[in-house]
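Shown next, in structure tokens, is the structure this report addresses.
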Amino acid sequence: MTADEFRRVWHAEPFRRFVVRLADGREIPVERPEFVAISPTGRFFTVFQPDDSFDTVDLPDVTDIKFKRASRGPRAKNVKVTGKSLIVDLADGRTISVPLAWFPRLRRGTPAERRRWRPIARGEGIHWPDLDEDISVESLLACHPSAQSQRSTKLWLEEGGGKLGS
């Protein structure tokens, strides 16, 4: 890796967190661009961590740079649909409860259809295959009801979707 290649990754817009892999097997995370200082020649750079620890690296020792995945949002762990509420237990221990009336397809689903759900995007969303319904955890946390129009719901019903649930 050259100094210019490192600078391109370091100064990319928008910045993406990355890990510097070294020949000795170590991996050094780079969490923010301002946590890096590079020598005038570009041969050495120092990476600081949030706890003020740091590593100084000789550029020829770098074997690879790997971008870190973006942080994931809240994730659904369990879902329950009652006659009046959609209740979602999150992986972080919180529970969200919103009115079932916010989601016409769920409201019209049978108890069996409501029980058949699966996580999508590693739990960032919830999918009910029998009802063709997808709801993101973020939208629940933001108190956003379904954006589905009445016309869309009517078309879905006309096509045989949903049976009036209890």
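The values are calculated or read from the model by the stated rules, or taken from the named source; none is laboratory data. The structure presented is a predicted model; accordingly, all values stated were derived computationally and were not measured. Every residue, glycine among them, receives a Cβ derived from its backbone with ideal geometry; neighbour counts consider all protein chains shown.
Based on what the data block shows, is Pro111 more than 17 Å from the chain's Cα centre (by Cα), surrounded by fewer than 17 Cβ atoms within 10 Å (Cβ to Cβ) and at pLDDT 90 or above? Walk me through it before giving the result.
Working: more than 17 Å from the chain's Cα centre (by Cα): yes; surrounded by fewer than 17 Cβ atoms within 10 Å (Cβ to Cβ): yes; at pLDDT 90 or above: yes.
For Pro111, the condition - more than 17 Å from the chain's Cα centre (by Cα), surrounded by fewer than 17 Cβ atoms within 10 Å (Cβ to Cβ) and at pLDDT 90 or above - is met.
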Review point. Only one residue in Arg21, Arg26, Arg7 is in contact with a strand residue (DSSP E or B) (Cβ under 7 Å, 6 or more places away or on another chain), touching a residue at least 24 places away in the same chain (Cβ under 8 Å) and not assigned by TED's automatic domain parsing to the domain that holds Val137. Which one?
Key: Arg21
Study note, to complete from the structure: When the range 61-88 is checked residue by residue, the ones that are over 20 Å from Leu141 (Cβ atoms) and either in a loop (DSSP other than H, G, I, E, B) or at pLDDT below 90 (or both) are Phe67, Lys68, Arg69, Gly83
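Name the residue, out of Thr63, Thr56, Thr46, that is free of Cβ contacts under 8 Å to residues at least 12 places away in the same chain, hydroxyl-bearing (Ser, Thr, Tyr) and over 30 Å from Ile120 (Cβ atoms).
On the way: Thr63 fails: free of Cβ contacts under 8 Å to residues at least 12 places away in the same chain; Thr56 fails: free of Cβ contacts under 8 Å to residues at least 12 places away in the same chain.
Just a single option satisfies the conditions, and that option is Thr46.
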Review point. From the set of residues in the range 4-23 that are of a type outside the set (Phe, Trp, Tyr) and in contact with a helix residue (DSSP H, G or I) (Cβ under 6 Å, 6 or more places away or on another chain), which is surrounded by the most Cβ atoms within 10 Å (Cβ to Cβ)?
Key: Leu22
**Study point:** Restricting the range 128-151 to residues that are farther than 12 Å from Arg105 by Cα, among the hydrophobic types (A, V, I, L, M, F, W, C) and out of contact with any Leu (no Cβ under 8 Å at 6 or more places or on another chain), the residue that is surrounded by the most Cβ atoms within 10 Å (Cβ to Cβ)
**Key:** Leu141
Point to revise | Qualifying residue in the range 98-107 (condition: more than 21 Å from the chain's Cα centre (by Cα) and exposed (fewer than 11 other Cβ atoms within 10 Å of the Cβ)) | key: no
Study note, to complete from the structure: Those residues of the range 2-23 which are assigned to a strand (DSSP E or B) and over 27 Å from the mean Cα position of the chain (by Cα) amount to Leu22
Exercise for review: Test Ile120 against the criterion of being out of contact with any helix residue (DSSP H, G or I) (no Cβ under 6 Å at 6 or more places or on another chain), surrounded by 13 or more Cβ atoms within 10 Å (Cβ to Cβ) and β-branched (Val, Ile, Thr), and give yes or no.
Suggested key: yes
